[in-house]
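One structure below.
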Amino acid sequence: MTRSWRCDMSDDQGVTSLPVISRNNAEHYAWGTGCDGWHLVRDSDLSVIEEYMPAGASEVSHCHRKSRQFFYILSGQAVMETGFSTF
């Protein structure tokens, strides 16, 4: 069963029901070694992906020309490299 929430649109469009998206019902893909991703939002102007990476996993160094990335780590630790800096 997909739950919905209601949003009152103030521009005379009335009330719209939007689906609740989680990794339980989102499009899933596997990547790397043991890594998983779920597309929570996949639109032309916004992409939100929840990912799982086991300890020791890493991403291939890459560059996004037309996007910005935001990382929120729920548990564990991460090392991030940007240009010549490591965080």
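Annotations for the structure displayed:
- Residues in region 25-34 that are touching a residue at least 24 places away in the same chain (Cβ under 8 Å) and either within 17 Å of residue 57 (Cβ to Cβ) or touching a helix residue (DSSP H, G or I) at 6+ places or on another chain (Cβ under 9 Å) (or both): 32, 33.
- Residues that are in contact (Cβ under 8 Å) with a residue 24 or more places away in the chain and under 14 Å from residue 26 (Cβ atoms), drawn from region 36-87: 50
Computed from the coordinates by the stated procedures, all read-outs in this text should not be read as laboratory data. Bear in mind that the values here come from a model prediction, so they are computed numbers and not experimental data. Cβ atoms come from the backbone with ideal geometry, glycine included; neighbour counts cover every protein chain shown.
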